[in-house]
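The values are calculated or read from the model by the stated rules, or taken from the named source; none is laboratory data. Keep in mind the model is a prediction, meaning the values are calculated, not measured. Here the Cβ is made from the backbone with ideal geometry for all residues, glycine too, and neighbour counts use every protein chain on show.
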Amino acid sequence: MRIQADLGKCEGLGMCEAMANDYFEVDEDEELVNVLDDAPPESDRAHVYAAVQACPVQALSLQG
Ligand code: SF4
């Protein structure tokens with residue numbers, strides 16, 4: 001499983017960080033998401049998926 005972030009869509013709203021701050025962090029200067037670990041273990045799928053789904057502009061996706 002791999003996290004993909006489309007920085008062209010990201011608006012720095014921080015919902016992903018609020019849901020999973022172990023995987024996502026919003027850069028305060030750039031107002032863009034920084035994926036801290038783009039290859040989560042399978043055991044974290046539900047946790048990461050909830051954060052991906054929380055993005056209001058569909059900037060995040062899970063591959064695999
Ligand atoms: S929730 Fe979406 S728009 Fe907001 S910081 Fe995360 S990826 Fe960017």
Pair list, Cβ under 9 Å, 6 or more apart: the stretch 6-34 residue closer than 15 Å to A54 by Cβ, other residue at pLDDT below 95 and outside any loop (DSSP other than H, G, I, E, B): G12/D27; V33/D27
Qualifying residues in the stretch 28-64 (those that are within 9 Å of the ligand (Cβ to nearest atom) and over 17 Å from R2 (Cβ atoms)) - the one farthest from the chain's Cα centre (by Cα): E31
Unmet requirement for G8, which otherwise passes all of (1) more than 10 Å from the ligand (Cβ to nearest atom); (2) surrounded by 13 or more Cβ atoms within 10 Å (Cβ to Cβ); (3) under 14 Å from V57 (Cα atoms): (2)
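Assigned to a loop (DSSP other than H, G, I, E, B) and out of contact with any Cys (no Cβ under 8 Å at 6 or more places or on another chain): is that true of N34 in this structure? Give the steps one after another, and end with the answer.
Numbers: assigned to a loop (DSSP other than H, G, I, E, B): no; out of contact with any Cys (no Cβ under 8 Å at 6 or more places or on another chain): yes.
When the stated conditions are applied, N34 does not pass them.
Restricting to the stretch 11-27, count the residues that are charged (D, E, K, R), surrounded by fewer than 18 Cβ atoms within 10 Å (Cβ to Cβ), outside any strand (DSSP E or B) and more than 6 Å from the ligand (Cβ to nearest atom).
The number of residues fulfilling the criteria is 1.
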Residue list for the stretch 27-47, filter: more than 12 Å from L62 (Cα to Cα), out of contact with any Phe, Trp or Tyr (no Cβ under 8 Å at 6 or more places or on another chain) and of a type in the set (A, V, I, L, M, F, W, C): L32
All positions within the stretch 1-36 that are among the acidic types (D, E) and touching a strand residue (DSSP E or B) at 6+ places or on another chain (Cβ under 8 Å): D6, E17, E25, D27
